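Beneath this line is the structure, given in structure tokens, with notes to follow.
The values are calculated or read from the model by the stated rules, or taken from the named source; none is laboratory data. Just so it is clear, the model here is predicted, and its values are computed rather than measured. Here the Cβ positions follow ideal geometry from the backbone for every residue, glycine too, while neighbour counts run over all protein chains shown. Areas reflect the complete protein model, heavy atoms only, side chains present, ligands, DNA and RNA absent. Shrake-Rupley method; radii C 1.70, N 1.55, O 1.52, S 1.80 Å.
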Amino acid sequence: MFHYYFGGGRAVTLDEIGYLRGIVEQYAYRDGAEGAFPRLSGQIADAARKQGTGPVAYDFRFTYDFGSVAFSHGDGTVKELFIGWAEDYGEIFRISGDISFEFTDDFVDPLDMNFEPGGTPYHISGRWRTSFSAEVLKDRKRSIYFDPKESR
């Protein structure tokens with residue numbers, strides 16, 4: 001909150017304020033469900049199934065509650081971009097590539113009262129990357145990750 005009152009609206013990065021690791025771990029493993037990584041893996045696999053052998057790209061953007069990391073992060077948005085390649089190995093695709101992540105949020109209202117009591121809102125951002133590799137069955141219905149409700 002100090003930055004809200006005395007930072008003059010200067011944008012900050014997660015790395016600069018010491019929250020990058022906490023945000024990444026919250027996003028990946030504790031986002032209120034099973035964590036984003038298992039879902040993202042399935043989404044990349046589905047993109048490879050749809051696009052077939054060759055280049056695979058998948059992007060996604062969603063808002064998550066990061067308030068358990070620090071109050072100032074409340075609802076932050078994470079944008080993901082996977083760029084990779086799918087190779088054909090008979091009944092499976094071997095997928096590999098990199099995922100880039102971008103976190104964005106604006107700290108606007110420290111008292112959660114829908115007005116600014118003397119401070120200046122500021123932008124918070126962060127970036128990280130990870131490698132991704134998986135071997136997935138081409139037939140989604142044979143996959144252990146298949147949810148029959150999703151096929152309706």
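Any chance segment 57-73 includes a residue that's farther than 25 Å from Y4 by Cβ, of a type in the set (V, I, T) and touching a residue at least 40 places away in the same chain (Cβ under 8 Å)? Show your work before the answer.
Taking segment 57-73 and keeping what is farther than 25 Å from Y4 by Cβ, we get 57-62.
With of a type in the set (V, I, T) added as a condition, the list becomes none.
No, every residue in segment 57-73 fails to be farther than 25 Å from Y4 by Cβ, of a type in the set (V, I, T) and touching a residue at least 40 places away in the same chain (Cβ under 8 Å).
Within segment 84-112, which residues are among the β-branched types (V, I, T), open to solvent by 20 Å² or more (accessible area, probe 1.4 Å) and closer than 16 Å to R127 by Cα?
The one that is among the β-branched types (V, I, T), open to solvent by 20 Å² or more (accessible area, probe 1.4 Å) and closer than 16 Å to R127 by Cα: T104.
Could you check segment 1-100 for helices (runs of 4 or more DSSP H) lying wholly inside it with 2 or more residues that are under 30 Å from L137 (Cα atoms)?
In segment 1-100, 20-29, 36-51 are the helices (runs of 4 or more DSSP H) which contain 2 or more residues that are under 30 Å from L137 (Cα atoms).
Taking segment 1-29 as the search range and keeping residues that are among the hydroxyl-bearing types (S, T, Y) and open to solvent by 30 Å² or more (accessible area, probe 1.4 Å), which one is farthest from D65 (Cα to Cα)?
Across segment 1-29, the extreme among qualifying residues is Y5.
Out of G67, G7, G18, G76, which single residue is more than 18 Å from S133 (Cα to Cα) and at pLDDT below 85?
On inspection, the qualifying residue turns out to be G67.
Just to be sure I understand, how many residues within segment 79-94 are at pLDDT 95 or above and among the β-branched types (V, I, T)?
So the count comes out to 1.
Can you tell me how many residues within segment 132-152 are open to solvent by 90 Å² or more (accessible area, probe 1.4 Å) and either part of a loop (DSSP other than H, G, I, E, B) or at pLDDT 85 or above (or both)? Working first, answer last.
Applying the first criterion (open to solvent by 90 Å² or more (accessible area, probe 1.4 Å)) to segment 132-152 yields 133, 135, 141-142, 144-145, 149-150, 152.
Retained after the next criterion (residues that are either part of a loop (DSSP other than H, G, I, E, B) or at pLDDT 85 or above (or both)): 133, 135, 144-145, 152.
Qualifying residue count for the region: 5.
What number of residues in segment 60-74 are of a type in the set (D, E, K, R) and either in contact with a Gly (Cβ under 8 Å, 6 or more places away or on another chain) or surrounded by 13 or more Cβ atoms within 10 Å (Cβ to Cβ) (or both)?
So the answer is 1.
Filter segment 30-57 down to residues that are out of contact with any strand residue (DSSP E or B) (no Cβ under 7 Å at 6 or more places or on another chain) and under 19 Å from R127 (Cβ atoms) and give me whichever is surrounded by the most Cβ atoms within 10 Å (Cβ to Cβ).
Applying the filter and picking the extreme gives A36.
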